[in-house]
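Working notes, structure below.
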Amino acid sequence: MKKLFLPIALTIFAGLESTRGETSLTIYNKDFAVIRDVLKLDLKTGTNEIRFSDVALFAEPSSMILRDPTGKIELQIQEQAFRGKAVTQETMLAWFEGQTIDFLHHDEGKTTVIPGKIIRSGRFKIRDSGGDQKEPAIQPIIEVDGKTQFELPGTPRFPPLTGDKTIKPEFVWKIGASKPVQLDAEVAYMAYGIHWFADYNIITAEDSDLVQVLGWMTIDNETGKSFENTRLKFVAGMLFKMGPRAKPSIPEEGTTERVITTGSYINNQAKELDEYYVYTHPTPISLRDREEKQVQFLRAEGVQSKKIFVYNGAANEIHSSDSSADLGPD
């Protein structure tokens with residue numbers, strides 16, 4: 001009898017309690033975070049389609065959890081889908097296949113609007129492993145003035161998107177309900193493109209050995225999502241995480257392991273979680289997409305210091321191959 005092994009994607013949310021009724025962000029020093037948000041559900045009897053579009057661009061779909069944070073209601077989730085692929089011109093042509101749209105034709109400085117019906121949108125294939133170069137596998141077919149052609153008559157201008165078409169990433173669920181119910185559900189998932197690290201500033205005086213020490217937590221948000229009035233947690237430690245099945249393109253910086261020390265501006269003690277430490281910022285903050293923000297966690301006045309002068313002779317070593325070196329008198 002042959003054994004059957006199925007590939008799985010396992011995500012464990014352990015040791016970090018949910019913050020009910022508000023958005024929270026737990027940032028790890030491995031360039032990812034766990035995002036918890038609130039989704040108001042108004043379910044009718046039968047099957048409900050629920051859409052959630054306030055999603056990070058680099059969300060990990062397999063990590064998504066939708067639940068009642070109180071544990072009183074068990075949601076009957078029948079389907080769960082993530083629509084987050086980058087929208088291209090080819091995607092839009094496929095969406096409007098069978099419809100007539102305008103094409104802008106440019107010729108010798110003159111622009112003409114040409115109506116054309118998309119008979120076939122065409123299909124494209126990847127030319128190399130990088131994914132940037134594409135070539136048509138099936139050419140598009142456009143009908144102009146009752147005649148068909150195998151090329152676009154110009155730059156397409158698409159009507160506004162309606163229905164289930166969207167440019168922004170979103171999660172979509174089909175949820176069954178035996179009776180009407182309303183609740184504030186919790187949405188939790190992992191996302192890439194965000195990291196934190198600790199910065200320290202030391203201010204000294206010329207005539208004193210006392211210094212001022214300032215510590216900052218620097219957060220770099222490249223998730224494609226902004227966070228308003230969000231509770232922040234920082235996890236420090238040597239974390240091992242298996243990569244996603246299709247890792248998105250994210251910034252390479254921020255992968256250095258760093259450990260922070262709690263201070264006066266994070267007024268609660270660090271919570272130990274196995275070999276990791278969790279630090280909670282005392283008040284909610286707002287963090288915009290593509291923003292780098294600092295929050296102060298340490299401020300110490302009058303710290304005693306000692307000045308030490310270090311001479312590194314090896315740095316001034318004279319190489320014999322340097323013919324211009326002044327060796328002095330014999």
Starting from residues that are under 16 Å from Val34 (Cα atoms) and polar (S, T, N, Q), keep the ones in segment 182-228 and report whichever is surrounded by the fewest Cβ atoms within 10 Å (Cβ to Cβ). Ser226
Residue pairs, Cβ under 6 Å, 6 or more apart or interchain, first in segment 71-100 and under 30 Å from Pro115 (Cβ atoms), second open to solvent by 80 Å² or more (accessible area, probe 1.4 Å) and in a loop (DSSP other than H, G, I, E, B). List them. Val87/Ile167
Say whether the condition of being of a type in the set (Asp, Glu) and under 16 Å from Val187 (Cα atoms) is met by at least one residue in segment 84-95. no
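Yes/no per residue for (1) at pLDDT 55 or above; (2) part of a loop (DSSP other than H, G, I, E, B); (3) in contact with a Cys (Cβ under 8 Å, 6 or more places away or on another chain):
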{"position": "Val211", "(1), (2), (3)": "yes, no, no"}
{"position": "Ile219", "(1), (2), (3)": "yes, no, no"}
{"position": "Phe234", "(1), (2), (3)": "yes, no, no"}
{"position": "Met238", "(1), (2), (3)": "yes, yes, no"}
{"position": "Arg245", "(1), (2), (3)": "no, yes, no"}
{"position": "Ser264", "(1), (2), (3)": "no, yes, no"}
{"position": "Glu272", "(1), (2), (3)": "no, no, no"}
Which count do you get for residues in segment 274-292 that are open to solvent by less than 60 Å² (accessible area, probe 1.4 Å) and at pLDDT 85 or above? 9
Subset tally (residues that are among the acidic types (Asp, Glu) and either more than 22 Å from the chain's Cα centre (by Cα) or farther than 12 Å from Glu170 by Cα (or both)) for segment 45-78: 3
Within segment 46-53, does at least one residue satisfy the condition of being among the acidic types (Asp, Glu), over 26 Å from Leu287 (Cα atoms), outside any loop (DSSP other than H, G, I, E, B) and out of contact with any Leu (no Cβ under 8 Å at 6 or more places or on another chain)? yes
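Count, please, the residues in segment 54-74 that happen to be assigned to a loop (DSSP other than H, G, I, E, B), open to solvent by 30 Å² or more (accessible area, probe 1.4 Å) and either under 28 Å from Thr223 (Cβ atoms) or of a type in the set (Val, Ile, Thr) (or both).
Residues meeting the conditions: 5.
One line per residue, one yes/no per condition, for (1) in contact with a His (Cβ under 9 Å, 6 or more places away or on another chain); (2) part of a loop (DSSP other than H, G, I, E, B); (3) of a type outside the set (Gly, Ala, Ser); (4) modelled with pLDDT under 90:
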position	(1), (2), (3), (4)
Thr112	yes, no, yes, no
Ile119	no, no, yes, no
Glu135	no, no, yes, yes
Pro159	no, yes, yes, yes
Gly163	no, yes, no, yes
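The values are calculated or read from the model by the stated rules, or taken from the named source; none is laboratory data. No experiment lies behind these values; they were computed from the predicted model shown. We place every Cβ from the backbone using ideal geometry, glycine too, and count neighbours over all the protein chains shown. Areas reflect the complete protein model, heavy atoms only, side chains present, ligands, DNA and RNA absent. Shrake-Rupley method; radii C 1.70, N 1.55, O 1.52, S 1.80 Å.
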